[in-house]
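Chemist: Please find one structure pasted underneath; my questions will follow.
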Amino acid sequence: MSKTIIRELVTGYVENLKERISSIVRELYKLSDGSNCENIAYNELIKLLKDEGFNVTEIPDIKNAFIAKYGSSAPNIAYICEYDAVDGQGYINGHNIQCSMNVLGAIGLKRAINEIGGSCTVFGCPAEEKEPTKIKMLQNNLFSNVDAALCAHPYTKTLESGSSLSMLISSLQFKGSASSALVNFDKGINPITPAAITITNIETIKSKYKEHIYINYTLTDCLDNVCSIAEKSCVKVLIKSDQDRLIDFIQDDILDIARLYSKIYRCDFENNTIARYVPFKTHQELSKVFCHNLKEKGIVDIHGPMIMSQSLDMANISYKIPCIHPYIGITEDNVEYYTKEFADATIKDFALEQMIKAASSLALTGIDIIENTKIISH
């Protein structure tokens, strides 16, 4: 079978699934509760993948996560789908289209695998905005047999795969001595005191480096009873920056402050890293191939590389295997991302057409890699 016929078969296969995949997009759009959205998306996606002959397995220690594979030979092309929503606001992040688009791209490539060899794997990634799911998967060696990873994401305009910010999330744990504030107040050691002073100093650091960093924090593990002295408190700190080394410098400053005031107020102190996100590294040749396929499918207005103000847990994967994370414009009007209007746009005809074109492009890019592995050899 000629290459042209295979590409036409794949595109046709994707287009024939438009109504079924669009119904998933619309069904998810109607939901607003975050956990319910994720659970329903998980069930709908694995049902579709099983119907298409994929071997689907759950990931025991990550709720609502899955891996679905078709084929057994190399190269193995991964498609990353995200299906969490924002509590109370639904799919303002567009993940109802994101998951559908990438799953459909994998299904399109599956149609060619029987002819050209190779394999494809779908990684179902829940809680994408709350947990470093992909980093956990990477640490568990779930990407060890993957040769390239593709992850297209809906946005207000089409952008090439670009970069992202570094991010560190850590916890500063202060342990004092619990006591009653009514009877034995002089025997207690309040761990909130060094935590509060640390937060005050974090504000000073924020103002000093405000052009290069973003810091957020929250105070947790404290009693909600003013009549008691808590045994422990925890400051969770998030640091983002366009300069990876600056994060470590600032984190060291914060830790020095936390340790100092822990000693002054006779508290034990412990620090734990929750997650570390590195800047995303786009594989340039793979990005070029994908953009070429977008144009072939009719998405020709492609802007330059995305320079994100966000951090991506997929970025950590990009240092291990070739990756791209392009953005697909799904709106015709001047709609802002991460709004109800953007969620509304996901079920409009234009967005669904863009989804099909992008899914076809994802599948065709998979074919290109399988037929010419030099694309990802650099």
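The values are calculated or read from the model by the stated rules, or taken from the named source; none is laboratory data. Predicted model, so just to flag it, every value in this text is computed and none were measured. Note: ideal-geometry Cβ built from the backbone for every residue, glycine included; neighbour counts use all protein chains shown. All accessible areas refer to the heavy atoms of the entire protein, side chains included, with ligands and DNA or RNA removed. Shrake-Rupley method; radii C 1.70, N 1.55, O 1.52, S 1.80 Å.
Chemist: Would you mind listing the strands (runs of 3 or more DSSP E) fully within the range 253-337 where at least 3 residues are more than 30 Å from Phe174 (Cα to Cα), modelled with pLDDT of 95 or more and not charged (D, E, K, R)?
Modeler: Strands (runs of 3 or more DSSP E) meeting the threshold: 327-329.
Chemist: Quick one: how many residues across the range 282-320 are under 28 Å from Pro126 (Cβ atoms) and surrounded by fewer than 18 Cβ atoms within 10 Å (Cβ to Cβ)?
Modeler: 6
Chemist: Let me ask something else. Out of (1) among the polar types (S, T, N, Q); (2) in contact (Cβ under 8 Å) with a residue 60 or more places away in the chain; (3) open to solvent by 20 Å² or more (accessible area, probe 1.4 Å), the odd one out for Gln251 is which?
Modeler: Against the list (1) among the polar types (S, T, N, Q); (2) in contact (Cβ under 8 Å) with a residue 60 or more places away in the chain; (3) open to solvent by 20 Å² or more (accessible area, probe 1.4 Å), Gln251 comes up short only on (3).
Chemist: One residue is enough: does the range 270-293 have a residue meeting the conditions under 30 Å from Thr193 (Cβ atoms) and small (Gly, Ala, Ser)?
Modeler: yes
Chemist: Could you tell me which residue of the range 254-267 is farthest from Ile239 (Cα to Cα), considering only residues that are out of contact with any strand residue (DSSP E or B) (no Cβ under 8 Å at 6 or more places or on another chain) and in contact (Cβ under 8 Å) with a residue 40 or more places away in the chain?
Modeler: Ile264
Chemist: Being free of Cβ contacts under 8 Å to residues at least 24 places away in the same chain and not charged (D, E, K, R) is the filter here, so list the residues in the range 36-55 that pass it.
Modeler: Within the range 36-55, Asn36, Ile40, Asn43, Asn55 qualify.
Chemist: Could you tell me whether the range 225-234 includes any residue that is under 18 Å from Pro279 (Cα atoms) and touching a helix residue (DSSP H, G or I) at 6+ places or on another chain (Cβ under 6 Å)?
Modeler: The answer is no, given that none of the residues of the range 225-234 is under 18 Å from Pro279 (Cα atoms) and touching a helix residue (DSSP H, G or I) at 6+ places or on another chain (Cβ under 6 Å).
Chemist: Which of the residues spanning the range 44-81 are open to solvent by less than 10 Å² (accessible area, probe 1.4 Å), farther than 24 Å from Ile376 by Cα and not in a loop (DSSP other than H, G, I, E, B)?
Modeler: Matches in the range 44-81: Leu45, Leu48, Leu49, Phe66.
Chemist: Let me ask you something else. Which residue pairs have Cβ atoms under 7 Å apart, sit 6 or more places apart or on different chains, and have a first residue in the range 326-339 that is touching a residue at least 24 places away in the same chain (Cβ under 8 Å) and a second that is among the charged types (D, E, K, R)?
Modeler: Pro326/Glu160; Gly329/Lys157; Val335/Glu341
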